[in-house]
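Peer 1: The structure is given below, and queries will be raised subsequently.
The values are calculated or read from the model by the stated rules, or taken from the named source; none is laboratory data. What you see is a predicted model; the values in this text were computed from it and never measured. Because the Cβ atoms are built from the backbone with ideal geometry, glycine has one as well, and the counts that use them run over all protein chains shown. What goes into the accessible areas is simple: the full protein's heavy atoms, side chains included, and nothing from ligands, DNA or RNA. Shrake-Rupley method; radii C 1.70, N 1.55, O 1.52, S 1.80 Å.
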Amino acid sequence: MTAFTSTSPSGLSRRALLRGSLAGAGLLTLAACRSAADTASSAASGSATPRRGGVLTVGTGIDFTPSLLFAQSANTLVQRLVFNTLTRYDDQLRPQPELATSWQLGADGTSVTLELREDVLFHSGRRFTADDVVFAVKNLQNPARSAQLRSTAAAVTEFRKNGDFELTLVLAHPVSNLFDLFEFMIIPDSASVEDAVAGTRLIGTGPFTFTQRKPGSSITFARNDRYWNPGRPYLDGVEIRIVPQAESLLSSLRTGQTHLSYAIRGKDVATLKGDPQFRVKQYDTGSGAYYIGADLTAEHVSDKRVRQAIAWAVDRDRLVQQALGGYGTVSAAPWPRSSPAYSEANATRYSHNPDKARELLKEAGVGTITLPFAHSNDPGNTAIAQILQYDLRQVGIETVLQPTDSPTMQKQLIAQSMPALWTLSHGFAQLQPATLTVSAYPFNEARNSSHFSSPAYTELVQQAWHRPDSDSPEAKALHQRITDVLLDEEFVIDLAIGGLVEVAGRQARGTDLNKFGYLNLDDAYLTA
């Protein structure tokens, strides 16, 4: 078996680490996934000594949905405040210890042995053990949890405990995204998990304890004084405020009522450039890829020529500039530049060409048509929908906008009950490529929101997923063939890759997000 321990040299190159401590695992392939570069307009962060105390206020436009606690949803700020994960990725997508201190991977990729921390308590006072990891995996295997990485969790077929703090997971086959699962999977308290998905009680091992939830208004948390990370957290507490109106959210930052937000519209972020009172940081993970989805059972869009026409009709550059304030990258493919599946040719496969769109519609025998077009009713997604509506109208596709609250849209995605067209953003392309195609609702080869089904697509996805690597020439060839299917079928019409943007007042320091957008405040503090 090959091993990683928390004492491995941090200076190892990605390839050296792959060949050494994680040889054969094929898990460390995305280079420099997140740049997290501060803009020139940032307040000078300096090297201030962390200060204890204070309550950090986070503003967001969409409320937390407890029933989607174990899924990737529109609000994932709560997860890492209350809970921990087994591992966490660094900026090079190298797994780092969290509740797991070290791991050994089987040479054939069908097992992993985890050594666990022995000093961790749940907020209830109960000790964390290997049984809690077993429960966490089985919890994600439960279809009721709607967890996107359920397929990867389901690959675990056996649990072998060696005492309370060592556990071997046996897999049915190698998977190229095992550590994606470990970063995604929060470790819940088995005794209170049903209360958690009801939103009445959240008990984990994380830096903050849940204190109160006012649906549609706020969620509050207090410092966990028994947290296993020495001296952390610095903050006394956290308040997440729900502010649906974009103007009000921006105003709350300007007046100091809110310290931090990841929900400021791109065009509003642009207005803060040059203001020393704010710090702007862009997470370059591609965790928000904007797209148009199509229900292939609906009239007209069942013809891929119509879907391709839509792809040619959209002015992606205008979308990025006007709706995203320039905080995005035009792309017809789902992959960010950091992905081993990325290529410039794929990203530029479709450009703004209304004449080409009209030719395809004519070829499909389609005249002027009207289609329902769903979108999330928050201001940012409404602006995107309106831009897309205009572009489609220019080629003869009229749309009827259907504004819908985000939790309802998420449930419709899961239930495959979307209208003919919809626009949202998707994640999962910022990780191992297989995670997108076996986990994300729009792309899932087994059951996706578009009702797209293809034996060839399924075979390619399964081959890529069952490999122990994702950056070898053979793996990259599979990724290209998968991308070819996506760009030809266009059941998901990708538009732009947009990383999350953090806007913070000058007091908030040390804030961070993981690759799934979980808010990590272990090192966060407020300056005087």
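Peer 1: Taking the condition of being surrounded by 14 or more Cβ atoms within 10 Å (Cβ to Cβ), polar (S, T, N, Q) and in a loop (DSSP other than H, G, I, E, B), how many residues in region 444-479 meet it?
Peer 2: 6
Peer 1: So, Leu495, is that one in contact with a strand residue (DSSP E or B) (Cβ under 9 Å, 6 or more places away or on another chain), modelled with pLDDT of 95 or more, in a helix (DSSP H, G or I) and open to solvent by less than 20 Å² (accessible area, probe 1.4 Å) or not? Please lay out each step first, then the result.
Peer 2: Working: in contact with a strand residue (DSSP E or B) (Cβ under 9 Å, 6 or more places away or on another chain): yes; modelled with pLDDT of 95 or more: yes; in a helix (DSSP H, G or I): no; open to solvent by less than 20 Å² (accessible area, probe 1.4 Å): yes.
Against the criterion (in contact with a strand residue (DSSP E or B) (Cβ under 9 Å, 6 or more places away or on another chain), modelled with pLDDT of 95 or more, in a helix (DSSP H, G or I) and open to solvent by less than 20 Å² (accessible area, probe 1.4 Å)), Leu495 does not qualify.
Peer 1: Restricting region 405-441 to residues that are out of contact with any helix residue (DSSP H, G or I) (no Cβ under 8 Å at 6 or more places or on another chain) and of a type in the set (Val, Ile, Thr), which is farthest from Gly380 (Cα to Cα)?
Peer 2: Ranking the qualifying residues of region 405-441, first place goes to Ile414.
Peer 1: Please work out which residue is farthest from Asp469 (Cα to Cα), limiting yourself to region 317-329 and to residues that are in contact with an Asp or Glu (Cβ under 9 Å, 6 or more places away or on another chain) and modelled with pLDDT of 95 or more.
Peer 2: Arg318
Peer 1: If you don't mind, another one. Can you tell me how many residues within region 66-123 are in a helix (DSSP H, G or I) and crowded, with 23+ Cβ neighbours inside 10 Å? Even if it seems obvious, please write down each step before you answer.
Peer 2: Initially, region 66-123 is screened for residues in a helix (DSSP H, G or I), giving 66-68, 79-82.
Still in the list and also crowded, with 23+ Cβ neighbours inside 10 Å: 79-82.
The total comes to 4.
Peer 1: Could you check, for region 428-442, whether at least one of its residues is buried (at least 16 other Cβ atoms within 10 Å of the Cβ) and under 13 Å from Ala374 (Cα atoms)? Working first, answer last.
Peer 2: Initially, region 428-442 is screened for residues buried (at least 16 other Cβ atoms within 10 Å of the Cβ), giving 428-442.
Among the residues that remain, those that are also under 13 Å from Ala374 (Cα atoms) are: none.
Looking through region 428-442, none of the residues is buried (at least 16 other Cβ atoms within 10 Å of the Cβ) and under 13 Å from Ala374 (Cα atoms).
Residue-by-condition table, conditions (1) farther than 19 Å from Gly288 by Cα; (2) among the aliphatic types (A, V, I, L, M):
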residue	(1), (2)
Phe428	no, no
Ala434	no, yes
Arg447	yes, no
Arg481	yes, no
Val503	no, yes
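Peer 1: With the requirement that a residue be under 30 Å from Asp63 (Cα atoms) and open to solvent by less than 10 Å² (accessible area, probe 1.4 Å), what does region 356-398 give you?
Peer 2: Within region 356-398, the first condition is being under 30 Å from Asp63 (Cα atoms), and the residues that meet it are 371-390.
Leu371, Phe373, Ala374, His375, Ser376, Ile384, Ala385, Leu388, listed by residue number.
Peer 1: Consider Trp422 against the criteria (1) surrounded by fewer than 20 Cβ atoms within 10 Å (Cβ to Cβ); (2) within 30 Å of Pro340 (Cα to Cα); (3) not acidic (Asp, Glu): it satisfies all of them except one. Which criterion is unmet?
Peer 2: Failing condition for Trp422: (1).
Peer 1: Given the criteria under 26 Å from Asp405 (Cα atoms), of a type in the set (Val, Ile, Thr) and open to solvent by 10 Å² or more (accessible area, probe 1.4 Å), does Thr60 qualify?
Peer 2: On the way: under 26 Å from Asp405 (Cα atoms): yes; of a type in the set (Val, Ile, Thr): yes; open to solvent by 10 Å² or more (accessible area, probe 1.4 Å): yes.
Considered against the rule, which asks whether it is under 26 Å from Asp405 (Cα atoms), of a type in the set (Val, Ile, Thr) and open to solvent by 10 Å² or more (accessible area, probe 1.4 Å), Thr60 comes out as yes.
Peer 1: In region 496-527, how many are among the hydrophobic types (A, V, I, L, M, F, W, C) and within 20 Å of the chain's Cα centre (by Cα)?
Peer 2: First pass over region 496-527, keeping only residues among the hydrophobic types (A, V, I, L, M, F, W, C): 496-497, 500-501, 503-504, 508, 513, 516, 519, 521, 524, 526.
The next check asks that each one be within 20 Å of the chain's Cα centre (by Cα); those that pass are 496-497, 500-501, 503, 513, 516, 519, 521.
The number of residues fulfilling the criteria is 9.
Peer 1: Condition test on Lys281, is it at pLDDT 95 or above and not β-branched (Val, Ile, Thr)? Spell out the reasoning first.
Peer 2: On the way: at pLDDT 95 or above: no; not β-branched (Val, Ile, Thr): yes.
No: the conditions fail for Lys281.
Peer 1: Show the residue pairs that are 6+ apart or on different chains and have beta-carbon atoms under 9 Å apart, the first residue being within region 135-154 and under 18 Å from Thr110 (Cβ atoms) and of a type in the set (Ser, Thr, Tyr), the second being assigned to a loop (DSSP other than H, G, I, E, B) and open to solvent by 60 Å² or more (accessible area, probe 1.4 Å).
Peer 2: Ser151/Ala446
Quick grid of which residues meet (1) among the acidic types (Asp, Glu); (2) open to solvent by less than 30 Å² (accessible area, probe 1.4 Å); (3) touching a Cys at 6+ places or on another chain (Cβ under 7 Å); (4) not in a loop (DSSP other than H, G, I, E, B):
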site	(1), (2), (3), (4)
Leu249	no, yes, no, yes
Gln257	no, no, no, no
Ile264	no, yes, no, no
Asp268	yes, yes, no, yes
Asp275	yes, no, no, no
Val280	no, yes, no, yes
Gly293	no, yes, no, yes
Thr297	no, no, no, no
Arg307	no, yes, no, yes
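Peer 1: Of the numbered conditions (1) surrounded by 22 or more Cβ atoms within 10 Å (Cβ to Cβ); (2) β-branched (Val, Ile, Thr); (3) not in a helix (DSSP H, G or I), Thr220 satisfies every one except a single condition; which is it?
Peer 2: The one condition Thr220 does not meet is (1).
Peer 1: How many residues are open to solvent by 50 Å² or more (accessible area, probe 1.4 Å) and in a helix (DSSP H, G or I) when one looks only at region 191-201?
Peer 2: Count: 4.
Peer 1: When residues of region 124-153 are filtered for being more than 26 Å from Trp465 (Cβ to Cβ) and in a loop (DSSP other than H, G, I, E, B), how many remain?
Peer 2: So the count comes out to 5.
Peer 1: Quick check on my filter: what residues within region 36-65 are at pLDDT below 80, in a loop (DSSP other than H, G, I, E, B) and of a type in the set (Gly, Ala, Ser)? Outline the logic, then answer.
Peer 2: Here is the first cut: in region 36-65, the ones at pLDDT below 80 are 36-48.
If we keep only those that are in a loop (DSSP other than H, G, I, E, B) too, we end up with 36, 39-48.
Matches in region 36-65: Ala36, Ala40, Ser41, Ser42, Ala43, Ala44, Ser45, Gly46, Ser47, Ala48.
Peer 1: I would also like to ask the following. In region 488-500, is there at least one residue being more than 28 Å from Gln416 (Cβ to Cβ) and touching a Leu at 6+ places or on another chain (Cβ under 8 Å)?
Peer 2: Pass one, region 488-500, residues more than 28 Å from Gln416 (Cβ to Cβ): 499.
Cutting the leftovers down to touching a Leu at 6+ places or on another chain (Cβ under 8 Å) gives us none.
No, every residue in region 488-500 fails to be more than 28 Å from Gln416 (Cβ to Cβ) and touching a Leu at 6+ places or on another chain (Cβ under 8 Å).
Peer 1: Do the conditions hold for Asp180, that is, is it acidic (Asp, Glu), outside any loop (DSSP other than H, G, I, E, B) and open to solvent by less than 10 Å² (accessible area, probe 1.4 Å)? Full working, then the answer.
Peer 2: Numbers: acidic (Asp, Glu): yes; outside any loop (DSSP other than H, G, I, E, B): yes; open to solvent by less than 10 Å² (accessible area, probe 1.4 Å): yes.
When the stated conditions are applied, Asp180 passes them.
Peer 1: Since Arg337 meets every condition but one in (1) outside any loop (DSSP other than H, G, I, E, B); (2) open to solvent by 10 Å² or more (accessible area, probe 1.4 Å); (3) touching a helix residue (DSSP H, G or I) at 6+ places or on another chain (Cβ under 9 Å); (4) basic (Lys, Arg), which condition does it not meet?
Peer 2: Only one criterion is unmet by Arg337, namely (1).
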